[in-house]
Amino acid sequence: MPRQGAIVAVLATAGLASSFMFTLMVPIQSKLPELLDASREDTAWVVTSTLLAAAVITPIAGRLGDMYGKRRILLVLVGVMIAGSIVAALSTGIIGIIVGRTLQGAIVGVVPLGISIMRDVLHEDRVDSAIAFMSATLGVGGALGLPISALVTERSDWHVLFWMAAGLGVIVFGLVLWIVPVSVLRTAGRFDYVGAAGLAVGLIGLLLAISRGNEWGWGSPPVLAFGLGGLVVLLVWGWYELRIDEPLLDLRVAARPAVLLTNIASVAMGFSLFASNVVYPQMLELPVATGAGFGLSLLAASLIVMPSGLVMMVLSPVAGRIAARTGPKLLLLLGAVSLIAAYGFTLLFSSEVWHILVANILIGAGIGFGYASMPMLIMRSVPQSETGASNGLNALFRSLGTSTAAAVIGAVLATYAIDFEGIPVPTTTGFTLSLILGGAAAIVALVVALFIPRHHSPRERHPSLPE
């Protein structure tokens with residue numbers, strides 16, 4: 001069997017590839033209407049399609065991993081991402097780019113699958129530190145990917161970004177095939193195709209309403225139809241899942257207090273994280289003449305934001321040691337406190353670039369601790385046969401938080417905007433309200449975390465559970 005350090009390194013590389021997909025388009029997002037000769041509303045689907053695909057695929061891939069092998073499904077997801085990258089790289093029109101970006105969204109499922117693989121194949125003394133390291137890649141990939149993407153788009157054709165993604169995917173595929181062992185743990189039974197379809201339809205409806213509400217109007221018929229329709233489908237889906245013998249997701253396990261509260265905290269933590277991703281880069285990049293920006297280039301701004309991801313990486317071994325000694329609940333509390341400190345600091349001090357740098361370092365600590373704690377809390381509360389599906393569900397809740405933040409913060413900044421050289425730009429008031437919302441979400445995460453019960457492993461409470 002390969003050395004355990006090599007297994008962790010390979011799975012962490014897969015996590016880096018996953019987070020890189022979400023910063024890939026940031027440098028050219030505002031230029032897409034011109035590059036693709038399409039309306040801004042149409043080019044928004046380049047981002048929305050990836051979001052929807054990731055949200056739908058992640059929990060389903062987790063269940064498939066539990067049933068048919070986590071490494072096998074992880075390889076499938078990486079393969080789909082490679083195919084999507086090639087499709088986008090060869091496309092010059094918007095349809096091809098949207099198809100490619102949709103396929104790229106599959107890669108997001110590798111993080112919860114990778115964490116579940118770690119529980120299956122690593123020695124128990126290494127699991128917590130490995131999970132913290134894997135979770136840190138969610139921030140590191142984005143932090144490093146942003147300046148890399150900015151450099152590529154400044155000096156080369158933007159399609160090179162997709163070729164880079166494809167190349168990274170090929171490397172990850174080869175390393176996983178070579179290094180990561182096959183987990184022998186399987187969940188018996190048949191795959192719940194009806195449940196998978198119901199979850200997909202419900203999530204797509206709900207997330208479409210959330211992500212496109214600003215453009216379509218929150219009271220418009222499409223938003224109401226997709227939003228309410230999605231909620232109804234999800235309610236029926238939940239009723240159905242509770243009444244069949246082999247559900248896609250065991251909602252009774254998901255309803256355990258520790259799991260349920262962790263997932264609720266994940267929504268708040270995801271909201272708080274994405275609020276910072278929206279606010280700080282815009283504050284750094286807006287012209288000084290607007291009265292709300294520092295006038296930095298995209299590359300310079302990305303270098304100010306980048307330390308947050310590096311802090312996550314540096315703190316990952318610390319997070320592992322804290323979890324091993326005191327349990328992961330303390331990590332989540334520390335993460336929430338750090339996020340509150342970041343937003344509070346920015347509300348008091350935001351007149352210099354270094355103020356934003358300090359805030360981003362605090363954000364990195366908060367997300368590093370918070371995101372490391374969530375899979376640990378989940379896996380201490382579910383049977384080992386449910387780890388893939390349960391981690392996938394937790395990742396879905398984080399996605400709901402980030403999607404909601406994108407819509408809410410976007411609406412706030414659009415409402416409190418002024419005309420600057422013919423372009424609407426956010427005002428100081430808009431940024432202040434957004435920072436308050438990000439801090440409030442962190443407070444919610446803190447309060448919810450306080451009520452998460454102390455954890456014992458599922459086997460301690462249920463000796464009949466499989467190893």
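Every number in this text was worked out from the coordinates using simple rules, so none of it is lab data. Quantities reported herein were computed from a predicted structural model and do not represent experimental measurements. Every residue, glycine as well, gets a Cβ built from its backbone with ideal geometry; the counts of neighbours run over all protein chains shown.
How large is Rg over Rh for segment 118-197, taking Rg from the Cα atoms and Rh as the Kirkwood inverse mean of 1/r across Cα pairs? Numbers along the way, then the final one.
Working: Rg = 18.1 Å, Rh = 16.4 Å.
Rg/Rh: 1.11.
Report the equivalent ellipsoid semi-axes for segment 40-136 in whole Å, largest first, defined as the square roots of five times the eigenvalues of the gyration tensor built from alpha carbon atoms. Can you show the working numbers first?
Working: eigenvalues 182, 33, 24 Å².
The three semi-axes for segment 40-136 are 30, 13, 11 Å.
Would you mind computing the Rg to Rh ratio of segment 361-446 from its alpha-carbon coordinates, Kirkwood style for Rh? Display every interim value, and only then the final one.
On the way: Rg = 17.4 Å, Rh = 15.3 Å.
Across segment 361-446, the Cα-based Rg/Rh ratio is 1.14.
Please give the length that would be gained between ALA289 and VAL314 if that part of the chain were fully extended, namely 0.36 nm times their separation in residues minus their C-alpha to C-alpha distance (nm, one decimal).
Difference between extended and current length: 5.3 nm.
Using only alpha-carbon positions, what ratio does the radius of gyration of segment 236-348 give when scaled by 2.2 N^0.38 Å? Walk me through the numbers before you get to the answer.
Values: Rg = 19.7 Å, N = 113, 2.2 N^0.38 = 13.3 Å.
Normalised Rg, Cα atoms only: 1.49.
How large is ³J(HN,Hα) for each residue in segment 149-157, as worked out from phi by the Karplus curve 6.51 cos²θ - 1.76 cosθ + 1.60 (θ = phi - 60°), to whole Hz, x for Gly and Pro?
4, 4, 5, 4, 6, 6, 10, 8, 5
When the helices in the chain are scored as -39500 (n - 2.57) per DSSP H run of 4 or longer and the sum is shared across all residues, what 222 nm value do you end up with, to the nearest 500 deg cm²/dmol? Walk me through the numbers before you get to the answer.
Working: 20 runs with 359 residues, N = 467.
Taken over the chain, the calculation gives -26000 deg cm²/dmol.
Roughly how large, in nm² to one decimal, is the mean projection of the convex hull of the alpha-carbon atoms in segment 222-282? Write down the numbers at each step before the final one.
Values: hull surface 24.5 nm².
Average projection, Cα convex hull of segment 222-282: 6.1 nm².
Give me the orientation-averaged projected area of the Cα convex hull of segment 113-258, in nm², one decimal. Could you put the intermediate results ahead of the total?
Details: hull surface 53.5 nm².
For the Cα atoms of segment 113-258, the hull's average projected area reads 13.4 nm².
What percent do you get for the relative contact order of segment 1-95 when only Cα pairs under 8 Å and 6+ apart count? Before the final figure, lay out the partial values.
Values: 23 pairs, mean separation 22.8, N = 95.
With pairs under 8 Å counted, the relative contact order is 24 percent.
Can you tell me the orientation of helix 428-450 relative to the chain, as the angle in degrees between its alpha-carbon axis and the longest Cα principal axis, to the nearest 10?
Helix 428-450 sits at roughly 10 degrees to that axis.
Taking 0.36 nm per residue of separation and subtracting the Cα-Cα distance, what length does fully extending ASP157 through ARG186 add?
Values: separation 29, 0.36 × 29 = 10.44 nm, distance 4.50 nm.
Roughly 5.9 nm would be gained on extension.
Can you list residues whose amide H is under 5 Å from PHE420's amide H, if they're 5+ apart or on another chain and H is modeled 1.01 Å from N?
Amide H neighbours of PHE420, under 5 Å, 5+ apart: VAL425.
Tell me the Rg and the Dmax, in Å, that the Cα atoms of segment 308-467 produce.
18.7, 68
Stokes-Einstein D for the chain at 4 °C, 1.567 mPa s, Kirkwood Rh over Cα pairs, in µm²/s? Please report the intermediate quantities before stating the final value.
Numbers: Rh = 22.2 Å.
The estimated diffusion coefficient comes to 58 µm²/s.
Highest first, please rank the peptides 56-63, 191-198, 281-288 by the mean number of other Cβ atoms sitting within 10 Å of their residues.
Working: 56-63: 25.9, 191-198: 16.2, 281-288: 18.5.
My ranking of the peptides, most packed first, is 56-63, 281-288, 191-198.
I need the P(r) histogram for segment 347-392: all alpha carbon pairs, bin width 10 Å from 0 out to the longest distance, whole percents.
Using 10 Å bins, I get a P(r) of 24, 30, 20, 17, 9, 0 for segment 347-392.
Let's test the formula: R0 of 51 Å, r as the Cβ-Cβ distance of ALA225 and ARG454. What FRET efficiency results, to the nearest 0.05? All intermediate terms of the calculation are to be shown ahead of the outcome.
On the way: r = 44 Å, r/R0 = 0.86.
According to the calculation, E is roughly 0.70.
Sequence gap at least 6, Cα distance under 8 Å: using those rules, report the relative contact order of the chain to the nearest whole percent. Present the calculation step by step, with values, prior to reporting the outcome.
Details: 861 pairs, mean separation 102.2, N = 467.
RCO, the chain: 22 percent.
Taking the Cα centre of each part, how many Å lie between segment 43-115 and segment 164-241?
If you average the Cα positions of each part, the centres end up 10 Å apart.
Going highest first, how would you order 267-276, 38-47, 376-385 by mean Cβ packing within 10 Å?
Numbers: 267-276: 27.4, 38-47: 16.7, 376-385: 23.6.
Packing proxy ranking, top to bottom: 267-276, 376-385, 38-47.
Assuming 0.36 nm per residue, please report the length gained on full extension of the stretch GLU352 to ALA197 beyond their Cα-Cα distance. Intermediate results must be reported in sequence, preceding the final value.
Values: separation 155, 0.36 × 155 = 55.80 nm, distance 4.98 nm.
Working it through step by step, the gained length comes to 50.8 nm.
Could you give the angle, 0 to 90 degrees to the nearest 10, between helix 70-90's Cα long axis and the longest principal axis of the Cα atoms of the chain?
Approximately 30 degrees, to the nearest ten.
What's the angle, to the nearest 10 degrees (0 to 90), between helix 221-241's Cα axis and the longest principal axis of the chain?
Compared with the principal axis, the helix lies near 10 degrees.
Take every Cα pair under 8 Å in segment 369-446 that's 6+ residues apart, average their separations, divide by the length, and report that relative contact order as a whole percent. Present the calculation step by step, with values, prior to reporting the outcome.
Working: 39 pairs, mean separation 12.9, N = 78.
Worked out over segment 369-446, it gives 17 percent.
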